[in-house]
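Peer 1: Here it is: the structure, laid out below.
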Amino acid sequence: MNFFDDVPEPLPRPRQPQPVRPGWSGPPSDELPGVVHIGGFLYSSPNAVLALKLVEVYSTGCLLDLVWTLRRGDESDREWRDVMDQGFNHPASRMAGDNGLMVGVAYPDGRKAIASHPDPAMFEDVTGPVLAVLGGGGGSGNDHMVQSSARYWLWPLPVEADTRLVAQWEALGMPESSLVVSGERLGDALGNIRTYWSE
């Protein structure tokens, strides 16, 4: 007889219902998004670039994929270390205050969302819009350049008209700059969404 032969089977337990996630908290977990390749600059200078690579469109909102690159100029080693530290400063970090990358969205009807504001509580009644940081894609840096990225969840999906994406990074000398995102292109991408399960 094997030592484990008489281990009893666990008692069956009832399956827990699938929790309903509010739309503003992130993309649906059962959708493959439609993708809009933007490739547009929010800001560009001889030593700094901030760009929107693409937008992943879901039925409820969209993910904005931002990237930035900082190029060393005539900074001393100490000054460049400070620039590198700032370049890796997570966007909208509660610790960053006004020094980090500030990102916001202006809807066509005058409403706006700013990523530095606290996210709503999970069970709060939210009317939107909401812009939330959903993490960064990491980064790299050396004696010549710093590169990093971040993703932002925007809810609800603005398809009625064009939306303006706004950014500012005072510590790095980036003034308030913006890029227009086409509502028509976001709306067209809705037709490319694929759901995982057909019920």
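The values are calculated or read from the model by the stated rules, or taken from the named source; none is laboratory data. Treat the numbers as computed from the prediction; the structure is a model and nothing was measured. Cβ placement follows ideal geometry from the backbone for every residue including glycine, while neighbour counts extend to all protein chains displayed.
Peer 1: Can you name the residue in the stretch 143-163 that is touching a strand residue (DSSP E or B) at 6+ places or on another chain (Cβ under 8 Å) and over 12 Å from residue 64 (Cβ atoms) and is also modelled with the highest pLDDT among such residues?
Peer 2: 162
Peer 1: Shifting gears a bit: For the stretch 181-199, enumerate the residues that are surrounded by 12 or more Cβ atoms within 10 Å (Cβ to Cβ) and either in contact with a Lys or Arg (Cβ under 7 Å, 6 or more places away or on another chain) or among the polar types (S, T, N, Q) (or both).
Peer 2: Correct list: 182, 192.
Peer 1: List the residue pairs whose Cβ atoms are under 9 Å apart, where the first residue sits in the stretch 73-89 and is of a type in the set (Gly, Ala, Ser), the second is exposed (fewer than 11 other Cβ atoms within 10 Å of the Cβ), and the two are 6 or more positions apart or on different chains.
Peer 2: Close Cβ pairs (under 9 Å, with a partner that is exposed (fewer than 11 other Cβ atoms within 10 Å of the Cβ)) amount to 73/46.
Peer 1: Out of 3, 41, report the one residue that is among the aromatic types (Phe, Trp, Tyr) and not in a strand (DSSP E or B).
Peer 2: Values: 41 fails: not in a strand (DSSP E or B).
Going through 3, 41 in turn, just one is among the aromatic types (Phe, Trp, Tyr) and not in a strand (DSSP E or B): 3.
Peer 1: Determine whether residue 140 is surrounded by fewer than 13 Cβ atoms within 10 Å (Cβ to Cβ), at pLDDT below 95 and either in contact with a His (Cβ under 6 Å, 6 or more places away or on another chain) or closer than 17 Å to residue 51 by Cβ (or both).
Peer 2: So residue 140 fits the description; yes.
Conditions (1) exposed (fewer than 10 other Cβ atoms within 10 Å of the Cβ); (2) under 30 Å from residue 174 (Cβ atoms), marked per residue:
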| site | (1), (2) |
| --- | --- |
| 7 | yes, no |
| 18 | yes, no |
| 25 | no, yes |
| 28 | no, no |
| 45 | no, yes |
| 49 | no, yes |
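Peer 1: Looking only at the stretch 9-37, which residues are within 19 Å of residue 154 (Cβ to Cβ), in a loop (DSSP other than H, G, I, E, B) and not small (Gly, Ala, Ser)? It would help to see each step written out before you state the result.
Peer 2: Quick first cut of the stretch 9-37, residues within 19 Å of residue 154 (Cβ to Cβ) only: 21-29, 31-37.
Still in the list and also in a loop (DSSP other than H, G, I, E, B): 21-22, 26-29, 33.
Selection gives 21, 22, 27, 28, 33.
Peer 1: Are there any pairs, at least 6 apart or on different chains, whose C-beta atoms fall under 6 Å, with the first in the stretch 14-38 and in contact (Cβ under 8 Å) with a residue 12 or more places away in the chain and the second surrounded by 13 or more Cβ atoms within 10 Å (Cβ to Cβ) and basic (Lys, Arg), and if so, which?
Peer 2: 36/185
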